[in-house]
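Below you'll find the structure, written out as structure tokens, and then a few comments.
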Amino acid sequence: MRTQVRQLLVACVLSVSGGTLAADPSVALRLASAPSRSPAATPRLDVNGTNQTSARLPEHPSVAWQARVAPPLIGDLSADANGRLLVAHASDRVTALDEKGHAVWSLRTAAPLVLGPLPLAGGRTLLVTRDAQVVRVSAKGAVEARETLAFGPLDQTPIVTSTGDGGAIIAAGSAFARLGPLGAAGYDARLPDPIRAVFEWRGGTVAVGHAGGVFTRGAAGDPERIGSFGQPVRAAALLGQRLLGVGRNELVSLDLVSKERRLVFADPTVDLRDLAALGGGRLRLVAARAVFLDLDPSGRELSRQSLPIAESGGELVSIVADRDGRTLLGTNGAPLIQITPQGETAALPETSCPDPVRPTPVADGRFVVACRSGLLRAFSDKAR
């Protein structure tokens, strides 16, 4: 009998690892999984929304290859754990490209996409369409399952992050859905405030509202308000058990265990927009008028720079950092700005784009610059 059970289990594992699995909503089948190790796993690069990539950014980037896909690009680009670039484009198409810019697979969802691909564990990808369909795609580019969100259609880009069990959290307006891994049950919930950010923390869900309220939900029950930033937030990031909220002139932290709120940084003369986590607990803040500031782990200001693009009305629109502190600042219509760990800045040639997408790290020493018009240009430490 034990032999028969063992053989049956082996057959099930082989079936799951080798082919398509049909999702039966009446059966809660939890598959062994792990978080995606992608260098660009979410629109904010990692699952904690820190704008930090797990890849090392190149020191002396030069063009490695250039390609075009059918426009327009949708949402941000992402990368899977194998370094393949994932691009949503042409309304309903997703294409995976290898390290040389060659297409590995491409598929159509039969409905317009509302955001870029979300990499999951095991090389899988999650797609979301405007009619609130969630499409799960295998590592080989085959549709494994489709499901429908309880809220929709989606008029605005939803907020997404992946979870440690191979699932995802998707938020739109004041509602969010926690999706389990393929074949497993999830849940839906709603907040009293439109949602700014969502995270997985200790197996549960943390959601931040636009007005600054912080809510948690476990495996059962309704979301519980556990604290507030005390002001509207423009961006949020999770560092360990410390949740950071970017206000207009302040950076505030909320300890998810003690529920203690602390003012990390304040300056009424700066109009803060976003942040990135650097190595050793340091932070880099992005502000209006092309200003960026560096803070030490205690929140003390280390440096402040105003970039020359501000003189022509340029603004910083994205930030990507690695653990060493090397940073890429995306701009509207001007070249990317590279910041060294020592704080030196330089404009990167051949990176200007009138309609830029957030720069996308794909592996150590490599990133891709993209335009909504379909132009893709890869950079690496090795010349073409």
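The values are calculated or read from the model by the stated rules, or taken from the named source; none is laboratory data. Please read these numbers as outputs of a predicted model, since none were measured by experiment. Positions of Cβ are backbone-derived with ideal geometry, glycine not excepted, and every protein chain shown enters the neighbour counts.
Looking only at region 100-126, residues that are surrounded by fewer than 17 Cβ atoms within 10 Å (Cβ to Cβ) and closer than 19 Å to Val320 by Cβ come to 0 in all. Within this structure, Ala266 passes the test of being among the aliphatic types (A, V, I, L, M), surrounded by fewer than 15 Cβ atoms within 10 Å (Cβ to Cβ), more than 20 Å from Thr50 (Cβ to Cβ) and touching a strand residue (DSSP E or B) at 6+ places or on another chain (Cβ under 9 Å). Hey, does region 89-99 have a residue that's at pLDDT 95 or above, under 16 Å from the mean Cα position of the chain (by Cα) and not acidic (Asp, Glu)? The answer is no; no qualifying residue exists. For the residues Leu251, Leu293, Leu263, Leu238, the requirement of being in a strand (DSSP E or B), without any contact (Cβ under 8 Å) to a residue 40 or more places away in the chain and touching a Phe, Trp or Tyr at 6+ places or on another chain (Cβ under 9 Å) singles out Leu293. The sole residue among Ser306, Ser312, Ser373 that is modelled with pLDDT under 90, polar (S, T, N, Q) and over 21 Å from the mean Cα position of the chain (by Cα) is Ser312. Just to check your reading of the model, which residue among Gly325, Gly330 is surrounded by 16 or more Cβ atoms within 10 Å (Cβ to Cβ), free of Cβ contacts under 8 Å to residues at least 60 places away in the same chain and part of a loop (DSSP other than H, G, I, E, B)? Answer to the check: Gly325. Looking at the structure I just gave you, is Leu239 crowded, with 18+ Cβ neighbours inside 10 Å, within 24 Å of the chain's Cα centre (by Cα) and under 27 Å from Arg358 (Cβ atoms)? Spelling it out, it is not the case that Leu239 is crowded, with 18+ Cβ neighbours inside 10 Å, within 24 Å of the chain's Cα centre (by Cα) and under 27 Å from Arg358 (Cβ atoms). For region 242-297, the candidate set comprises residues that are of a type in the set (S, T, N, Q) and more than 26 Å from Arg202 (Cβ to Cβ); within that set, the residue that is nearest to the chain's Cα centre (by Cα) is Asn249. All but one of (1) touching a Gly at 6+ places or on another chain (Cβ under 7 Å); (2) outside any strand (DSSP E or B); (3) among the hydroxyl-bearing types (Ser, Thr, Tyr) hold for Ser298, so report the exception by its number. The one condition Ser298 does not meet is (1). Taking region 94-199 and the strands (runs of 3 or more DSSP E) fully enclosed by it, the elements with 1 or more residues that are more than 18 Å from Gly49 (Cα to Cα) are at 103-108, 125-128, 133-137, 143-148, 175-179, 187-190.
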